[in-house]
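Notes to accompany the following structure.
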Amino acid sequence: MLKLESSAALQNLRTDILARRDPARPCIAVCAGAACDGLDSVAVASAFRTEIAERGLEARLDLRVTGCHGYCEKGPNVVAGPDDVCYFEVTPEDVPGIVAATLEGGVFEDRVHKDPLTGARAVHMNEVPFYMHQTRLIIGDNPKIDPMNIEDYIALGGYGALAKALSTMTPDQVLDEVKRANLRGRGGGGFPAGSKWETTKNAPDETKYVIVNGHEGESAAFMDRAMLTGNPHKVLEGLIIGAYAIGARKGFIYTRHDAPRLVEHVKAALAQAREYGLLGDNILGSGFSLEVELHFDVGIFVSGESSALMRSIEGNPPEPRPKYIRTSVQGIWDKPSNLNNVETWANVPQIIARGADWFTGIGSPKSKGTKLVSLSGHVVNSGIVEVSMGTPLRTLIFDIGGGVRDGKGLKAVHFGGAMGGSLPANLIDATLDFDEMSKLGAPIGAGGLLVMDEDTDMVEVARYLLDFLVKESCGKCVPCREGMWQMLKILTNIADGMGKKFDLDRLADLAEVTSLGSLCALGKTSSDPLKSMLRYFKDEYETRIAAGRQGQ
Amino acid sequence: MSETILRIDGKEVSASPGMTVLDAARRAGIDVPTLCHHEKLEAYGGCRLCMVEVESRGKTSYVVSCTYPVEKDLVVRTRSERVDKIRRVIVEELMAHAPDAPELVRLAAEYGADRNRFEKEAIFCVMCGLCVRYCAEVKQEDAVGFIENGPRREISFIPERAAKVCWDCQECFAICPTSYAQAAYMLTEALAFPGRRKPDLAKKVFRVAKAAS
């Protein structure tokens, strides 16, 4: 492949790729996302490969192994094109039937979606209840892309936004578009990405860095991994556009060392983007250059905290730094460093391609665009969901999630991962909005939605989440290290029926001091789940403590 | 460069550029408690005892004074109900490990901390990092470091380094608030490079004791 030396060359390549592909020729997309992989989708994919080879169907049928489709509950997922027939829980034995049906333009009935109550069938993706209530703007391309093949991404218009930015917009215009789109950071805080970019851009130092925070590491949060593994080029394109706007010549993708497929895909994406002239020196002949390096964590959750992450990139232990200066002004090696989450970067190309006005047309008044949500817990359909901001939690749990498992009642939902909060069932008409969720004490945070049925023990939920955080704290500052450890001991005692009557006071003091006194966001928000428990489920805690005392 | 004027506990205090709120307070004779601070070492922000209440542009927040830079017209309160509570709980948390450390006993009296409030685990180290940082920054020897993370974090002398440099230094023993640095060193010596310590002193003590009886 010769390097693309202009935006026009990229356009020509895309035309060329499309010309080589027959849009009417069916393609079978086998999901190899983390969940389907665990259900041995590899065996399904190889059964398809064998079937196609044995029947000599190479010219009539394409096979694509892709990233996560989203409906993890019903994996392995297979989507057969060109009209997106969805097959669920596919086994290698189903393969000949699916191949035969696909070639005839028909449907293999055994594996299409059937409503568990009414038996109504849903064949195409837009008819399946799990998908039909979603707005899949950034994850929706996953079934159409082999993440190891840059041409799949280019065929869908990929890198078009980068070409547009480099050839028709100044860095200031790009920044302005992102600011006008009011893109808020998807990594937790919901801080406006445009303002952050501007701070780094305006910082006096010539050397600036841009970083993808792909260090998703808590239980019940798995969508960044699906995004970055399934469509690495979209994230990379966003990063390159951001670097152009900010004036950075060097970028980092910081991610987990223990996700081999993710690492393989990101490495391949970087190599292919370089080969095609979309990364490196003089990108698309524009004069703008950017190098991007892949960097791995050292295995603890606090590595994802922005200043700890930057210390880790410097080669130091991942301890948050105590300085009262933002990393966007002084980050890696004290140079201005703009860090955004995987999902935030993935939103950038479409904002540039389709414009801020289009983007602000989606979502709620103060939270624009869509949000990826990892849906799990006692829900019928677990998986990765993308909905417009402002969608009620009820839609997520019932319309998309199919309600609570085993016909049980809903007790609570926990939103936002290990540092999120739990809301009682009577609050599920709340909408997915940064400010509204924060006010309720369950900030969007990591974007994990955990559904909890009527039998859930709320003491155990808080204990479980805290147990995770205690192990993932770096241990540098006292309130986080000691405060969480003491809270965990008290919660364990309450759960074991050994609670004491002053435990709630001790918990309240520890929670307050841990959140006021800790050095970084991990410590500051570590007691948020517990605070939400004391806000909405205090009765349950009091009853448990009282019952424990009587039992002694 | 010109001096910055700020208010600490109602008192007008002048500070030089680059100073922290802790520097300015101490220069004005206002006491702020610290455990991990040392004038020869880079600010660490680990113990969080020096936390103060600041008011800046109409917003009240809680910051650690050892790293917070002075700014013009900043209003600082080194004591308030909330500040005292933070310090009290931090002292109570640390007393779960080192209930008799003199500095903690003194702070407990000042802030009304209950040494028995939380479940104890006697590890005697408060993880202030003074030994680790003194060894790295002042002595540039790195003979002692942190290992593990979270509540499992501990200081550890590195036998190969300690065997070479600690015998003639031992300066970290004096700055340790709990004497744990010395204990950890002695354990390392006993396990990794014993035999250097002469038994003379023990024999002498034994003789004196015998003579007295």
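Table for the structure above
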| item | result |
| --- | --- |
| Lys, Arg +1 and Asp, Glu -1 on Cβ, resulting dipole of segment A:459-551 about Cα centre, debye, nearest 20 | 140 |
| Shape category assigned to segment A:459-551 from the gyration tensor of Cα positions, a/c cut at 1.5 | prolate |
| Relative contact order, percent, chain A [alpha-carbon distance under 8 Å, six or more residues apart] | 13 |
| Mean separation of Cα contacts under 8 Å (6+ apart) over length of segment B:55-186, as relative contact order % | 18 |
| Cβ-derived FRET efficiency at R0 56 Å, B:Phe206 paired with A:Thr168, nearest 0.05 | 0.05 |
| Per-residue average of Cβ from other chains inside 10 Å of B:35-43 | 1 |
| Vicinal HN-Hα couplings computed from phi for segment A:179-193 (Karplus, 6.51 cos²θ - 1.76 cosθ + 1.60; Hz; Gly/Pro x) | 5, 5, 6, 6, 6, 9, x, 8, x, x, x, x, 6, x, 4 |
| Lys, Arg +1 and Asp, Glu -1 on Cβ, resulting dipole of chain B about Cα centre, debye, nearest 20 | 640 |
| Rough spin-label spacing in nm, given labels placed 7 Å along Cα→Cβ, for A:Ala508 and A:Asp22 | 7.3 |
| A:Ser219-A:His257 FRET efficiency (beta carbon distance; Förster radius 25 Å; 0.05 resolution) | 0.85 |
| 3J(HN,Hα) from dihedral phi, segment A:234-247, Karplus parametrisation 6.51/-1.76/1.60, rounded to Hz, x for glycine, proline | 5, 5, 5, 4, x, 5, 5, 4, x, 4, 4, 5, 7, x |
| Axial C-alpha extent at least 15 Å, average Kyte-Doolittle at least 0.0 - helices from chain B (DSSP) | B:180-192, B:200-212 |
| Length added when fully stretched, B:Lys40-B:Phe193, from 0.36 nm per residue minus Cα-Cα | 52.1 nm |
| Debye, to nearest 20: dipole size of the protein assembly as shown, +1 on Lys, Arg Cβ, -1 on Asp, Glu Cβ | 2220 |
| Top positive-direction residue, dipole computed over segment B:80-122 with Cβ charges, set B:Ala98, B:Ser80, B:Ala108 | B:Ser80 |
| Summed residue charge, Cβ within 14 Å of A:Asp455's Cβ, Lys/Arg positive, Asp/Glu negative | -3 |
| Prolate/oblate/rounded call for segment A:234-314, Cα gyration tensor, a/c under 1.5 rounded | oblate |
| Per-residue Cβ neighbour rank within 10 angstrom, fewest leading, B:Phe124, A:Phe130 | B:Phe124, A:Phe130 |
| Theoretical gain in end-to-end length, A:Phe191 to A:Lys408 [0.36 nm per residue, Cα-Cα removed] | 74.4 nm |
| Extension gain (nm, one decimal) between A:Arg535 and A:Arg60, 0.36 nm per residue minus Cα-Cα | 165.0 nm |
| Cβ-based charge dipole, segment B:1-139, positive-most Cα from B:Tyr44, B:Ile30, B:Val63 | B:Val63 |
| Helix-only [θ]222 nm of chain A, DSSP H runs n ≥ 4, -39500 (n - 2.57) each, per residue, nearest 500 | -12500 deg cm²/dmol |
| Nitroxide proxy distance, nm - points 7 Å out along Cα→Cβ at A:Asp37 and B:Ala183 | 4.6 |
| Anisotropy class of the protein assembly as shown from Cα gyration tensor, a/c 1.5 cut | prolate |
| 22 Å Cα-Cα threshold exceeded, pairs from A:Lys489/A:Lys531; A:Lys196/A:Lys471; A:Lys250/A:Lys471; A:Lys179/B:Lys72; A:Lys144/A:Lys371 | A:Lys196/A:Lys471; A:Lys250/A:Lys471; A:Lys179/B:Lys72 |
| Average Cα contact separation per residue, segment A:459-551, under 8 Å, 6 or more apart, as relative contact order % | 36 |
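Every number in this text was worked out from the coordinates using simple rules, so none of it is lab data. Treat the numbers as computed from the prediction; the structure is a model and nothing was measured. Here the Cβ is made from the backbone with ideal geometry for all residues, glycine too, and neighbour counts use every protein chain on show.
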